[in-house]
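S.K.: Input: one structure, supplied below.
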Amino acid sequence: MEDSDAPTILTHLKAVEAERRTRADDPALGERVEAVKTYQQQRFARCYADLLASDRYRHAARFFLEELYGPGDFSRRDAQFARVVPALARLFPREVVRTVAHLAELHALSERLDSRMGHLLGTALIDRQHYAQAWQACGMAAERQQQIDLTIAIGRALEAYTRKPLLRQALRMMRGPATAAGLHELQQFLESGFDTFREMRGAAEFLTTVRSREEALAQALFACEPGKLCPVGDDPLGKLP
């Protein structure tokens, strides 16, 4: 682990926890943020229906949908490795720790953007008009691009691991120590990601598709006049209420 990795991971995890505390103190905000997360997961499922139906890509698309785009509660996983970040250096290879750092950064950034969207929404009953308006009011185009870049970086890292059979063996050997150290949830994420990307037999087309569709959606939303909707390709927002 590089010297900067441990404090950086902890900083991101503390930012995530701060967002959770704010929502716990404001249940209405928490409800709106949960609605944003659910809507975004539905949007991803619509936009990537072809990949979710593909024999080659469906498991990778499902991994992204559930682990990176879903409204799932990752508090237990976060709490596990927040407590034992120094142990990561002893248990996991350096390159894996760097992926964990990217995961923590993406998690914190996504939570901040979702909270901002939640603050701007007047209702938890989100439709495409509400979502587009909140997106435009939120702005933060650089952060949206960073969110996409981090997602792709994590995918590329997982693909790179598939070319290193010894790393997969090392991950298997770490199951016991990781569980003993309280890192079962993180261990599960890494193993699932490794096996999912290995099954694809090459992730370049998959990751290029994700990047191009996410960037096209973001660019179109930012280019719209406030309060108006723009079609994006096959209009993934338009397939939702």
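The values are calculated or read from the model by the stated rules, or taken from the named source; none is laboratory data. What you see is a predicted model; the values in this text were computed from it and never measured. Reconstructed Cβ throughout: ideal geometry from the backbone, glycine too, with neighbour counts over all protein chains shown.
S.K.: How many residues does the range 43-57 contain that are in a helix (DSSP H, G or I), surrounded by fewer than 18 Cβ atoms within 10 Å (Cβ to Cβ) and out of contact with any Pro (no Cβ under 6 Å at 6 or more places or on another chain)?
M.R.: Within the range 43-57, residues that are in a helix (DSSP H, G or I), surrounded by fewer than 18 Cβ atoms within 10 Å (Cβ to Cβ) and out of contact with any Pro (no Cβ under 6 Å at 6 or more places or on another chain) number 2.
S.K.: Separate question: Across the range 143-194, which residue is nearest to the chain's Cα centre (by Cα) among those that are crowded, with 17+ Cβ neighbours inside 10 Å and among the polar types (S, T, N, Q)?
M.R.: In this case the residue turns out to be Thr151.
S.K.: Assess whether Gln129 counts as being assigned to a helix (DSSP H, G or I), over 26 Å from Asp25 (Cα atoms) and at pLDDT 95 or above.
M.R.: No: the conditions fail for Gln129.
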